[in-house]
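J.: Here it is: the structure, laid out below.
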Amino acid sequence: MIDIYNNQNKEINGLNVTVIGLGKSGEGAAYLAHFLGASVFVSDANSNPDLKEKSSHLKSVGIEVEIGNHTNKIFGGELWILSPGIPQDSTALKEAKSKGIQLISEIEFASWYAKDPIISVTGSNGKTTTVNLIKRMCDTDLFNPILGGNVGTAFSNIILNDLKNKPNKRIYVLEISSFQLEHIISFKPFISVFLNITPDHLDRYSNMEEYVKAKLNMIKNQTRENHIIFNLDDFILKNELKNLKSQVHGFSLKKRNQNIFNVNATIIYSEGGKKLIDLKDFALLGKHNL
């Protein structure tokens, strides 16, 4: 039995691992777990041509797959890796918990094997635009950024490729949804970015507090060496991100005293008044993009 709370040992060679869901995240997790020596079983309650094709590819490398329903075979796994589309209140998850099976998200699983810094971005709106901008900003001689998570490539696929190819100067820029932040144990970004929190996915969460709690899982393991960047104009974030261990930096179009970035009529500038962007060169429309 693996101890998912032991950060020093995440060895899964020979472990029975069940992956629930065969979307992009589940597929990536299955290939990564297989590469790491686990005995992998994948189960998806749905069935369609895309899933059948993915199933065939997985089976061709020795991964067992079932689609169309969840059989009792899923309970043979000592560790379950959950795709973000799996609701927390599902009958299968409740039964797995009652059997003592350990449950983690795909983002959590992939992060066990990430040896380079993670910049993670969450928010109700604007995530995809922001991660693409951050990726472009980091794409210099100093860094080798790659984009993934809820946009582009599953984090597990990225980690699998990096374990094989061992790139230098890697930075992981991840778009993270609230669903992906459920079942987090040790996921620890170097920089966490919170854009905004507005009512969303309330068909998944019983109330707004549960939704906010899921979002805040992103920073549960951060320390004084890590950073949080957040929207000071967002009332919920301003109230939730207090008295934290991490170094906290605000951005705002209104308040100046706590900001790391500021804006005037012509430029965006940083602490000390250093110009970052001339607004006449800023192509994205709208104050939210500013």
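The values are calculated or read from the model by the stated rules, or taken from the named source; none is laboratory data. Because the structure is predicted, anything quoted here is derived from the model rather than measured. Cβ sites come from the backbone with ideal geometry, for glycine too, and all protein chains shown count toward neighbours. Accessible surface is based on the protein model in full, side chains and every heavy atom, while ligands, DNA and RNA are left aside. Shrake-Rupley method; radii C 1.70, N 1.55, O 1.52, S 1.80 Å.
J.: Just one of the numbered conditions (1) at pLDDT 95 or above; (2) crowded, with 21+ Cβ neighbours inside 10 Å is not true of Glu182; which one?
T.: For Glu182, the failing item is (1).
J.: Which of the residues that make up region 202-230 are modelled with pLDDT of 90 or more and either in contact with a Pro (Cβ under 6 Å, 6 or more places away or on another chain) or surrounded by 14 or more Cβ atoms within 10 Å (Cβ to Cβ) (or both)? Don't jump to the end; show me each part of the working.
T.: Taking region 202-230 and keeping what is modelled with pLDDT of 90 or more, we get 216-230.
Leu216, Asn217, Met218, Ile219, Asn221, Gln222, Asn226, His227, Ile228, Ile229, Phe230, listed by residue number.
J.: Mind listing whichever residues of region 45-56 are in a helix (DSSP H, G or I) and surrounded by 11 or more Cβ atoms within 10 Å (Cβ to Cβ)? Don't jump to the end; show me each part of the working.
T.: Restricting attention to region 45-56, the residues satisfying the condition of being in a helix (DSSP H, G or I) are 49-56.
Selection gives Asp50, Leu51, Lys52, Lys54, Ser55.
J.: Cβ-Cβ under 7 Å, sequence separation 6+ or interchain: first residue in region 124-152 and at positive phi, partner open to solvent by 60 Å² or more (accessible area, probe 1.4 Å) and not aliphatic (A, V, I, L, M). Which pairs?
T.: So the pair list comes out as Gly126/His288.
J.: Within the bounds of region 18-36, is there any residue that is assigned to a loop (DSSP other than H, G, I, E, B), over 19 Å from Ala92 (Cα atoms) and among the basic types (Lys, Arg)? Full working, then the answer.
T.: Step one: list which residues in region 18-36 are assigned to a loop (DSSP other than H, G, I, E, B), which gives 21-23, 36.
Narrowing the set further to residues that are over 19 Å from Ala92 (Cα atoms) leaves 36.
Then drop every residue that is not among the basic types (Lys, Arg), which leaves none.
Checked region 18-36: no residue is assigned to a loop (DSSP other than H, G, I, E, B), over 19 Å from Ala92 (Cα atoms) and among the basic types (Lys, Arg).
J.: With the condition kept exactly as written, say whether any residue in region 57-74 is in contact (Cβ under 8 Å) with a residue 12 or more places away in the chain, touching a Gly at 6+ places or on another chain (Cβ under 7 Å), in a loop (DSSP other than H, G, I, E, B) and among the aliphatic types (A, V, I, L, M).
T.: Here is the first cut: in region 57-74, the residues in contact (Cβ under 8 Å) with a residue 12 or more places away in the chain are 58, 61-71, 73-74.
Retained after the next criterion (residues that are touching a Gly at 6+ places or on another chain (Cβ under 7 Å)): none.
No, region 57-74 contains no residue that is in contact (Cβ under 8 Å) with a residue 12 or more places away in the chain, touching a Gly at 6+ places or on another chain (Cβ under 7 Å), in a loop (DSSP other than H, G, I, E, B) and among the aliphatic types (A, V, I, L, M).
J.: Can you name the residue in region 114-170 that is charged (D, E, K, R) and not in a loop (DSSP other than H, G, I, E, B) and, of all such residues, is surrounded by the most Cβ atoms within 10 Å (Cβ to Cβ)? Give the derivation first.
T.: First pass over region 114-170, keeping only residues charged (D, E, K, R): 115-116, 127, 135-136, 139, 141, 162, 164, 166, 169-170.
Imposing the further condition that a residue be not in a loop (DSSP other than H, G, I, E, B) reduces the set to 127, 135-136, 162, 164, 170.
On the way: Lys127: 22, Lys135: 20, Arg136: 12, Asp162: 18, Lys164: 9, Arg170: 17.
Of everything passing the filter in region 114-170, Lys127 is surrounded by the most Cβ atoms within 10 Å (Cβ to Cβ).
J.: Now for a different question. Of all residues in region 231-281, how many are open to solvent by less than 50 Å² (accessible area, probe 1.4 Å) and either in a strand (DSSP E or B) or touching a residue at least 60 places away in the same chain (Cβ under 8 Å) (or both)?
T.: Residues meeting the conditions: 12.
J.: Just need a number here: residues in region 87-101 that are open to solvent by 30 Å² or more (accessible area, probe 1.4 Å) and either in contact (Cβ under 8 Å) with a residue 12 or more places away in the chain or within 29 Å of Asn9 (Cβ to Cβ) (or both).
T.: From region 87-101, those open to solvent by 30 Å² or more (accessible area, probe 1.4 Å) are 87-89, 91, 94-95, 97-100; that's our starting set.
If we keep only those that are either in contact (Cβ under 8 Å) with a residue 12 or more places away in the chain or within 29 Å of Asn9 (Cβ to Cβ) (or both) as well, we get 87-88, 94-95, 97-100.
Adding up the residues that qualify gives 8.
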